[in-house]
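Input: a single structure, listed below in structure tokens.
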Amino acid sequence: MAGETEQKGPETDEGLARRVLRSEHEHLRVLLASLDDRARGVMRGDALSGLDLCASLEAAAKTLTDHIRNEEPLVALMLPPGAPRSESLARLHEDHVRQIGEIESMQRLARTSDDVVSLALAIRAFVDDVRLDMDVEDRRFSLSPGANRGPGAAPSCLDCGDSLAPAVDRVFAVRHGQAICMACAGRRGGIYDESTDGWLKEPRVDDLFDLLDRRLVDDEVQARSRLAR
């Protein structure tokens with residue numbers, strides 16, 4: 001009837017799961033942006049930024065770990081039954097094993113490192129990796145195509161320099177939040193299977209690992225130079 005408020009039906013399990021994951025990803029992006037700001041402050045020579053860097057990392061690590069442990073059951077509600085669903089969940093589990101390992105490695109580094117600059121550099125690389133992982137998940141599970149990654153420019157292809165939108169387009173993740181486009185991945189020998197949304201053969205990127213390592217060394221030299229002034 002005209003003038004009456006339209007009544008919406010009950011939310012489906014799939015819709016609720018999608019909404020929860022989308023909300024968690026956005027919360028994580030805000031948390032990661034704050035952690036990244038503290039790490040950048042250390043590299044700028046701001047002594048105050050280093051005081052609670054470890055505590056900020058620990059808080060982010062706990063939130064990320066809780067999210068990862070809850071994500072697979074939620075994604076399972078979003079995927080239709082069948083072989084592709086099983087393959088997607090298996091690949092997500094592999095990603096989660098890797099991500100938990102990276103989180104634990106960062107926690108160990110924070111507990112044992114007495115070099116705040118090296119820790120800040122490692123945290124910034126870690127944040128970039130997590131952001132890229134979330135972008136890829138956003139595309140894979142249609143959570144929020146084109147979502148705002150938070151502070152910092154979206155990545156460009158590490159090989160050809162073209163702009164990338166990992167939350168929308170397929171990419172191959174390299175390291176430190178960097179990725180290459182599908183065209184470059186193909187030229188580097190990568191073979192992608194559209195039916196399973198996964199790599200049958202990963203592209204050759206050893207030279208790009210070397211490039212990123214050199215960039216990390218340059219960033220460390222610049223940060224220590226600023227601190228020495």
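Tabulated results
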{"quantity": "Options Val136, Val127: the member that is within 14 Å of the chain's Cα centre (by Cα), closer than 17 Å to Glu26 by Cβ, modelled with pLDDT of 90 or more and assigned to a helix (DSSP H, G or I)", "calculated": "Val127"}
{"quantity": "Residue identified as without any contact (Cβ under 8 Å) to a residue 24 or more places away in the chain, of a type outside the set (S, T, N, Q) and outside any helix (DSSP H, G or I) among Pro73, Pro81", "calculated": "Pro81"}
{"quantity": "Conditions (1) over 24 Å from Ile123 (Cα atoms); (2) surrounded by fewer than 14 Cβ atoms within 10 Å (Cβ to Cβ); (3) of a type outside the set (Ser, Thr, Tyr): number failed by Asp52", "calculated": "(1)"}
{"quantity": "Residues satisfying the stated conditions in the range 157-186, i.e. at negative phi, out of contact with any Cys (no Cβ under 9 Å at 6 or more places or on another chain) and either among the β-branched types (Val, Ile, Thr) or without any contact (Cβ under 8 Å) to a residue 12 or more places away in the chain (or both)", "calculated": "Val168, Val174"}
{"quantity": "Residue in the range 185-200 that is surrounded by fewer than 11 Cβ atoms within 10 Å (Cβ to Cβ), modelled with pLDDT of 85 or more and more than 19 Å from Gln99 (Cβ to Cβ) present", "calculated": "yes"}
{"quantity": "Set Pro166, Pro151: member being modelled with pLDDT under 85, crowded, with 21+ Cβ neighbours inside 10 Å and part of a loop (DSSP other than H, G, I, E, B)", "calculated": "Pro166"}
{"quantity": "Yes/no for Val97 being surrounded by fewer than 17 Cβ atoms within 10 Å (Cβ to Cβ) and at pLDDT 90 or above", "calculated": "yes"}
{"quantity": "Members of the range 86-100 found to be farther than 18 Å from Val130 by Cβ and either touching a residue at least 24 places away in the same chain (Cβ under 8 Å) or in contact with a Gly (Cβ under 6 Å, 6 or more places away or on another chain) (or both), listed by number", "calculated": "Glu87, Ser88"}
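The values are calculated or read from the model by the stated rules, or taken from the named source; none is laboratory data. From a predicted model like this one, the values you see are computed outputs, not experimental measurements. Please note: Cβ atoms are built from the backbone with ideal geometry, for glycine as well, and neighbour counts cover all protein chains shown.
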